[in-house]
1. Can you list the residues, at least 5 places off or on another chain, whose amide H is less than 5 Å from the amide H of E101, using H built in the peptide plane?
2. If you plug each phi of region 40-53 into the Karplus form 6.51 cos²θ - 1.76 cosθ + 1.60 with θ = phi - 60°, what whole-Hz ³J(HN,Hα) values come out, in order, with x for Gly and Pro?
3. When the helix-only estimate is applied to the chain (DSSP H runs of n ≥ 4, each -39,500 (n - 2.57), divided by the residue count), what is the mean residue ellipticity at 222 nm, nearest 500 deg cm²/dmol?
4. Once phi is turned into θ = phi - 60°, what whole-Hz ³J(HN,Hα) does the Karplus curve with 6.51, -1.76 and 1.60 give for every residue of region 82-94, x standing for Gly and Pro?
5. With θ set to phi - 60°, apply the Karplus curve 6.51 cos²θ - 1.76 cosθ + 1.60 along region 18-34 and write out the HN-Hα couplings as whole Hz, x wherever there is a Gly or Pro.
6. Take the chain, compute every pairwise Cα distance, and split them into 5 Å bins from 0; I just need the percent in each bin.
7. Place a point 7 Å from Cα of E101 in the direction of its Cβ. Which residues in region 51-85 have their backbone N less than 19 Å from it?
Amino acid sequence: MTAAVVLAAQFWSFVDQGKWLEARALFADGFRADWPQTEEEVLGADRYIEVNRELLRGAKCILLEATGVEDWAFTRVLIVKGERTLWAVSTWAARDGKLTEAVEYFPDPKHPKYEAH
């Protein structure tokens, strides 16, 4: 496993456990996250942790997949918060042992349009 994969997987583990200080330690200060679906940018590691703490407090985060190469990682996570279930599909970059950026998508579960493909 690459360092980026280990860091990204550790992030989701810490979020699942509510270990926000430990999660923050995984990020470079200048971290940035892009959320293309909502056209939002989250700038700075402290702000990213703050936003996630607000949105994911009490959620169960189940890491389904973590893979990557060199300084890049990809994670797929199932998030369950109360009655709501959603996915987080993220690409991560890491340098010098810290996460430096992420691009995250949150697709909504849909019923298939066709019974057979």
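Computed from the coordinates by the stated procedures, all read-outs in this text should not be read as laboratory data. Since this is a predicted model, take the numbers as computed values, not measurements. Here Cβ is always computed from backbone atoms with ideal geometry, including for glycine, and neighbour counts include all displayed protein chains.
1. Result for E101 returns R32, A93.
2. 10, 10, 10, 9, x, 5, 4, 5, 4, 5, 4, 5, 5, 4
3. Taking each H run of at least 4 residues, the total per residue is -8000 deg cm²/dmol.
4. x, 7, 8, 10, 8, 10, 10, 10, 10, 10, 10, 10, 9
5. Per residue, the Karplus-derived 3J(HN,Hα) values read x, 9, 6, 5, 5, 4, 4, 5, 7, 10, 6, 3, x, 3, 9, 10, 10 Hz.
6. 2, 12, 21, 26, 21, 10, 4, 3, 2, 0
7. So the set is 68-75.
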